[in-house]
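Heads up: the structure comes next, in C-alpha cells.
The values are calculated or read from the model by the stated rules, or taken from the named source; none is laboratory data. Predicted model, so just to flag it, every value in this text is computed and none were measured. Using ideal geometry, Cβ is built from the backbone for each residue, glycine included, and neighbour counts are taken over all protein chains shown. The protein model used for the area step is the full one, side chains on, heavy atoms only, and it has no ligands, DNA or RNA in it. Shrake-Rupley method; radii C 1.70, N 1.55, O 1.52, S 1.80 Å.
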Amino acid sequence: MGMPITIKIVGLVSQNIFDRVFEYFESIDEKYSPFKENSEVSQINNGLTSVSHDMNIIMKLCKEANEITNGYFDVWRGGIFNPSGLVKGWAIKNAGNLVRNMGFENYFLDVGGDIEAFGKTWKIGIRNPFNLSETIKVLNIQDGAVATSGNYERGNHIYNPLGKMQNDIVSLTVIGSDILWADVMATAAFAMGREGISFIEKQKGLEGYMIDNKGMAIYTSGFNIYVG
Amino acid sequence: MKQIALSLVVVGIFGLYAFWNKKPETMVISDSRPKLVVKTKPKRFIEDEDDDNRPALLAPKIIKSPPISNKVYRDGEYLGPVTDALYGNLQVKAIVKNGLISDVIFLDYPQDRPTSREINTQAMPYLKSEAIAAQSAQVDVITGATQTSKAFIESLTAALNAAI
C-alpha cells in the first residue's frame, strides 16, 4: 500500500505474531492494489466480471459508503475501479480481528495515520498540519478508531467526485468505533469542504476535528469527551 | 468565524431559554447556590416565531444577541430541565466561569426520527471552534500528516497570504 504500518501489541508477543499481521497486509496489497497488474482490482478494470467472495463484500461496502455519504465517497473515478479508500480501513479491521483471535486484547494498528486502538486506553495525537513535529491534540481512545484525511498526506489523494475540490480545509480527523467507517467518513467529509464537519456531527457515534488553512479548528459537540 | 459567533449566540439563547423556563427542583449543580439569575427575559423567542408555526425553540429565525449584562451568573455547572421540544426532549447543561456562560452542552435533543433529526441539525448550534495549539503530552501514536507535499505547501501559502 506504500505507507508506513506500525503495530504495537502489549504482552508476551513473539515475532511470529507481527509477521502474520504484516503478511496479511502484504496479501491485501497483492490482491487489491490498483497499481499491481495481477491484482483482482486490476483484473476487474480489465473486464473481469466474476469476483471473489471478499471482493464481493468490498463492493457492497463501497456501494453502502457511496449511499450514506450522498455520493462523496466514490470508488469509481473515470470508469476506473479503485477501492483503496475503503480497503485500507477494512484491512485494518480484519488485522485487528486477527490479533484478537491470537489472544491479544491490548494493541493498536496504525496504517498511514489511520488507527485502530483496543484494550487499554491509548493516547493518540493529532499532528499539526502546519508543523509536522508538533502534536495539537491528544485523544484517549479505547476500543475505537481514529482516521485523518488531508491533502497533505501522500499528495492530493482525495478528490470531490461531485465538483471542484475545495481547498481551504487542511485536515479532518474522525473518531469512531469502527476504523472502516471512521476512515470512509473522514475521506467523504474532507471532500465536502467546510460542510464536512457538519456531516460528521450528524452521524451517530462519530466525532470530528477539522482544521482549516488559517489554523482554526472546528469540532463536533462530543469531541472533547476524548481529549485528554 | 461569523458563523461560529452566531452559533455561540444561539447557544447562549438556548441556554438562557432553558433556564428561564426551569422548575426549581430540576436544578442539579456542582455549585449548591440555587438560582441562575437572568435579568432579561428572552422575549425574542416569542417575537421571532414564524408564520408556519414552527416552534421557536427549535429554529429561531432571527439570530440576535439579547441585551444581557455581564457578570450576571454565578460560577458553576447548571443542568437545565428536560423540556419538550415538540419532536422530543431537550436538555442542556451550562457551564459558567467568571460570571459568563463559557459552554452550553446539549445532553439530550430530539434525534430519533429522520425529520426531527434534520430539523435539529439545522437549528442546533452544535459545532465548536478554537485556534489550534501545540500540546506537550506524550502520545502512543499519531494520526495526521506523515509527510509534506505540494498540496500542503500550497495550503500553507494560502494561509500565510490570508494572514497578511
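The table below gives the values:
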| quantity | calculated |
| --- | --- |
| Charge dipole magnitude, Cβ of K and R +1, D and E -1 - chain A, Cα centre, debye nearest 20 | 320 debye |
| Gain upon complete extension [A:Ser221, A:Phe18; 0.36 nm per residue less C-alpha separation] | 69.3 nm |
| Average other protein chain Cβ within 10 Å of Cβ, residues A:27-35 | 0 |
| Chain A - accessible surface per residue (Å², probe 1.4 Å) | 42 Å² |
| Sequence-distant residues sharing a close amide H with B:Ile142 (under 5 Å, placed H) | A:Gly125 |
| Test item: Cα-centred dipole of segment A:1-83, Lys/Arg +1 and Asp/Glu -1 on Cβ, debye | 140 debye |
| Packing rank of A:199-209, A:114-124, where each peptide gets the mean count of other beta carbons within 10 Å, highest leading | A:114-124, A:199-209 |
| Cβ neighbours within 10 Å from other chains - mean over A:214-224 | 5 |
| Accessible surface buried once A binds B (1.4 Å probe; total of both sides; Å²) | 3800 Å² |
| With every protein chain in place, chain A: carbon and sulfur % of accessible area (1.4 Å) | 49 percent |
| Size-normalised alpha-carbon gyration radius of chain A, reference 2.2 N^0.38 Å | 1.00 |
| Spherically averaged projected area in nm², based on the convex hull that wraps the Cα atoms of segment A:11-103 | 7.2 nm² |
| Shape call, segment A:184-228: gyration tensor on alpha carbons, a/c limit 1.5 | oblate |
